[in-house]
1. When you look at Trp82, is it outside any strand (DSSP E or B), loosely packed, with under 13 Cβ neighbours inside 10 Å and either on the phi < 0 side of the Ramachandran plot or at pLDDT below 95 (or both), yes or no?
2. Test Val28 against the stated conditions and say whether it is in contact with a helix residue (DSSP H, G or I) (Cβ under 6 Å, 6 or more places away or on another chain), part of a strand (DSSP E or B) and either within 30 Å of Glu208 (Cβ to Cβ) or modelled with pLDDT of 85 or more (or both).
3. Residues of the range 138-159 being modelled with pLDDT of 90 or more and either over 20 Å from Ser179 (Cα atoms) or part of a loop (DSSP other than H, G, I, E, B) (or both), which ones?
4. Can we say Tyr181 is of a type in the set (Phe, Trp, Tyr) and part of a loop (DSSP other than H, G, I, E, B)?
5. When Asp105 is evaluated against the numbered criteria (1) surrounded by fewer than 12 Cβ atoms within 10 Å (Cβ to Cβ); (2) closer than 30 Å to Arg291 by Cβ; (3) modelled with pLDDT of 90 or more; (4) not aliphatic (A, V, I, L, M), which criterion, by number, is the only one it fails?
6. Could you tell me whether Ile117 is part of a strand (DSSP E or B), in the same structural domain as Ile335 (by TED's automatic domain parsing) and under 16 Å from Glu333 (Cα atoms)?
7. From the list Val129, Val177, Val183, Val137, pick out the single residue that is surrounded by fewer than 17 Cβ atoms within 10 Å (Cβ to Cβ) and among the hydrophobic types (A, V, I, L, M, F, W, C).
8. State all residues of the range 54-91 that are in contact (Cβ under 8 Å) with a residue 24 or more places away in the chain, touching a strand residue (DSSP E or B) at 6+ places or on another chain (Cβ under 7 Å) and within 14 Å of Glu350 (Cβ to Cβ); if no residue qualifies, say none.
Amino acid sequence: MGLLQKKQTPQAAQAVQIREGGRHPFGVLDSYVPLRSGENELYRSIREAVPIVDAAIWKLIRLAGGVQVRCRDRRGQEGLDWFLTHVDTGRGQRGLQSFLDAYLDSMLTCGRAVGEIVPDRRRRDIAAVLCADPADVEIHQGDSPLSFTLWGRDETGQTRPLPRQELLLFTPFQPEVGSPYGVSLLRSMPFLTGILLKIYQAVGMNWERMGNLRFAVVYKPGDNPLDQSMAQQRSRQIAQEWSAAMQAGREGCVRDFVAVGDVDIRVIGADGQVLDSEVPVRQILEQLVARTGIPPFLLGLSWSSTERMSTQQADMMTSEITAIRRGLEPVVERICELWLRLHGLDSRVEVDWQDVNLQDLVEEARAELYREQARTVRMENDAKEKGAGL
């Protein structure tokens, strides 16, 4: 009987379910290669991928605002103030401050900013002040470090010197020695940002697994020859019934699942331990926030253990804003000096910025009260000493 028994061929295994590895949508960060010129699209992807970095840059831009310009000609001060408030800056915006916001945004993100002063047709006034894409402009140095030329592409794609260089504005951010291009504020962030996004992507996939459960249904046939011969048929029936039960659950219906034999149902990944991401995420965010110079408490991060530490961070923030403003002053001076010359006025100007104050107003009011109380006590003591002397 054993020789005449048909040899059983092994049953083909059922196709296993595989899942995609998962990848965050900012793939440019994974293929990052450090280059000297800086990758503008890469830096914009960092701002889009990490909201706290984008918020830090916008806070720097807002805190650096508040410019006022004083000229020596009293007749031209009123006209200059009106010009600074109403000059066209493109895209429906007006005022020099809107131009400086876009200019500083490009300078911090790309490492350099490019602008243009547009005179009117009669060349008697400034019609607009516009920002340009720094990726479309190249810097060519002259024979000396004091001379450089801005180049752009013409209709044929060839690079040529841009006309009217005296109307073009260019500001590098923290330029390195020997290079006319500046350094982006985000230059040291791609590596850490890539790690941070991988952590966030893994956390999202874990929560998707926990919120949308996957089940593993295992049927173990018994030692009975009948069970062995019908194992494949029963596995198909179990798979169909389980699929129908799951489909009914998605449609809002309750359907029981009944199986015969040894059937084991488990949740896929239920035994896996989810890694704690709080410590590594905080370590990476500390590095990113430290590069921006923004105190953590301004970004909603409770990392300062004492109030005194927050006060010291606010003082450091004031020095950072002052340094950024020094880079914007030459641009403001050139625009205002040209406006005054076009109107036949003294072109000497003085740029005045509003004070940067990050301290608590309640604490300031309390300090002012203490100063007035001390002043009152001194006056009373002086009056008593004079009365005693008489």
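1. Yes; evaluated as a whole, the condition is true for this residue.
2. Here the answer is no, as Val28 does not meet what is asked.
3. Listed by number, the list is empty, since nothing qualifies.
4. yes
5. Asp105 satisfies all of (1) surrounded by fewer than 12 Cβ atoms within 10 Å (Cβ to Cβ); (2) closer than 30 Å to Arg291 by Cβ; (3) modelled with pLDDT of 90 or more; (4) not aliphatic (A, V, I, L, M) except (1).
6. yes
7. Val177
8. Answer for the range 54-91, where residues must be in contact (Cβ under 8 Å) with a residue 24 or more places away in the chain, touching a strand residue (DSSP E or B) at 6+ places or on another chain (Cβ under 7 Å) and within 14 Å of Glu350 (Cβ to Cβ): Val67, Gln68, Val69, Arg70, Cys71, Leu80, Leu84.
The values are calculated or read from the model by the stated rules, or taken from the named source; none is laboratory data. Predicted model, so just to flag it, every value in this text is computed and none were measured. Using ideal geometry, Cβ is built from the backbone for each residue, glycine included, and neighbour counts are taken over all protein chains shown.
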